[in-house]
Amino acid sequence: MITLMPAYHGATVATLGFNGDDTATSNWGAMTVEAERIPAPLTFRAPSAEHATESSLAALHDTLCRVGPERVLAILVEPIGGQSSGVNVPHSVPHRSGVGRTPR
């Protein structure tokens, strides 16, 4: 599983490992599922939306190469960063990364 950082995907035991909250993960231990985390394309911290997109997709590529795509169950991305940041993911991210296209 690969998720963005920061991220909030819920407060159930099943999703605590996806959120990046190490305290919650350590409290629940083996009941949580650990995830690889890549930086979210936070446009307000980047020189441009394109730079944010490129940086996030480069981190995704590096993570897939390091972990191996055959070991990734899913890539969990929320289009709006709600409780974690309130930031929208740039429209180019899912289109450029091939999200939702099969087979990949």
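Dimensions of the stretch 6-81 from C-alpha coordinates, computed as largest minus smallest value along each principal axis and given longest first, are 38, 29, 18 Å. Highest mean packing first, where packing is the average number of other Cβ atoms within 10 Å per residue, the peptides 71-78, 32-39 line up as 32-39, 71-78.
Legend: ranking of residues THR53, THR12, THR63 from fewest to most surrounding C-beta atoms inside 10 Å; resulting order THR12, THR63, THR53. In a fully extended conformation the segment linking MET31 and VAL67 would gain 10.8 nm over its present Cα-Cα distance, using 0.36 nm per residue.
Read-outs throughout are calculated quantities, based only on the coordinates presented, and are distinct from any laboratory measurement. What you see is a predicted model; the values in this text were computed from it and never measured. Quick reminder, even Gly has a Cβ in these numbers, built from the backbone with ideal geometry, and neighbours come from all protein chains shown.
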